[in-house]
1. Whole Å is fine, so just give me how far the alpha carbon centre of the range 113-165 lies from that of the range 44-99.
2. Identify which of the listed values of P(r) over Cα pairs in 10 Å bins from 0, in percent was calculated from the structure shown: (i) 7, 29, 38, 19, 6, 1, 0; (ii) 6, 27, 37, 25, 5, 0; (iii) 6, 21, 25, 21, 14, 8, 5, 0.
3. For Lys213, which aspartates and glutamates qualify as cross-link partners when the Cα separation must be under 20 Å and same-chain residues fewer than eight apart are set aside?
4. What ranking of Met115, Met34 emerges when the number of other C-beta atoms within 10 Å of each C-beta is taken as an exposure proxy, fewest first?
5. Given the pairs Lys119/Lys156; Lys78/Lys222; Lys195/Lys222, which span a C-alpha to C-alpha distance of over 21 angstrom in this model?
6. Could you tell me the largest-minus-smallest coordinate of the C-alpha atoms of the range 124-185 on each of the three principal axes, in descending order and whole angstroms?
7. Starting from the range 177-252, pick out the chymotrypsin sites (Phe, Trp or Tyr not before Pro) whose DSSP state is loop and whose Cβ has at most 14 other Cβ atoms within 10 Å.
8. Determine the relative contact order of the range 2-271: mean sequence separation of Cα pairs under 8 Å and six or more apart, normalised by residue count, in whole percent.
Amino acid sequence: MIKKILLYSFLVIVSFALCAQKENAPFGSRSGAMGHASVTFTDFWSVQNNQAGMAYYDKIAAGIYYENRFITKELGLKCFSLVVPVNKAGVFGVNVSSLGYRLYNESKIGLAYGMAFGKKISAGLQLDYIYTHIGENYGNKGAVTFEAGIRAVLIKNLVIGAHIFNPIQVRLASYNDERLPLIFKIGLAYTFSDKAVLAVEVEKDNNFKPVFKTGLEYHIAKPVFVRIGVATAPFVYSFGAGFEFYHFKLDISASRHPVLGFTPQASLIYDIHPMISKKNNSQ
């Protein structure tokens, strides 16, 4: 019994330290393999990573994502997302995620919207409800906030993207004036050819030092992609691959923390509806 209590206490402390304030963690194994650089992409997971990129996603699609942080099931991140383009009215999306386990859990529900203003500029917005649960009668807290992003083509093959989460710094608890973090990301992506994309990004959480990220994707064959990436604070390297077959896209990746070890990730996307209109090339 004592061992069980000590184990639960240890897991609560570790979960709080490693999971807390991850409300804006990037989704998708594509970005996971590229150091979590994602703010410039127009892929499916921009529904979470930068809603401005979602404006160019032209298929009705659904996706799932799972991340087993440090190969510890209590630190697992699970997500389901849906993207629905509505002709000229823009693109709507929803994502639902859960991070943690019975004694400590963070859940997020987001309603997203992206709109393209021509082929070079887009913007996006998402309304979020974030719910935190701490077991053993420690209580529950919920908060409503929003996030927004922009994306623009600077010159041929060079794209810039920026995203901000919780700019109003919503209060989560009155004790110690605990607030959700303000997180700002900005990055560039350069397309060398139809086969190679390089992404660089910096992320600043108002509670932590800046994180620098970079990743490279190479299209080695028609259905196969390979990816590598690194991130700082601390230094983490990542790698992975992607596969496309019929209406499915499967991505797998892993990253390695210098102390805590590996984090495997996997995501699967199903394009429910065929292409509606080709607005822009995707990066």
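Throughout, read-outs are computed from the coordinates displayed, never taken from laboratory work. Since the structure is predicted, the reported quantities are computational estimates derived from the model, not experimental observations. Note: ideal-geometry Cβ built from the backbone for every residue, glycine included; neighbour counts use all protein chains shown.
1. If we compute the Cα centre of each part, the gap is 11 Å.
2. The calculated read-out lines up with (i).
3. Excluding near neighbours in sequence, the set is Glu23, Asp43, Glu67, Glu201, Glu203, Asp205, Asp251.
4. Numbers: Met115 17, Met34 31.
Least to most surrounded, the residues fall as Met115, Met34.
5. Values: Lys119/Lys156 12 Å; Lys78/Lys222 29 Å; Lys195/Lys222 10 Å.
Where the Cα-Cα span goes over 21 Å, the pairs concerned are Lys78/Lys222.
6. 56, 19, 16
7. Details: sites: Phe184, Tyr190, Phe192, Phe208, Phe212, Tyr218, Phe225, Phe235, Tyr237, Phe239, Phe243, Phe245, Tyr246, Phe248; in loops: Phe192, Phe208, Phe235, Tyr246.
Filter output for the range 177-252: Phe192, Phe208, Phe235, Tyr246.
8. Details: 767 pairs, mean separation 52.8, N = 270.
Value for the range 2-271: 20 percent.
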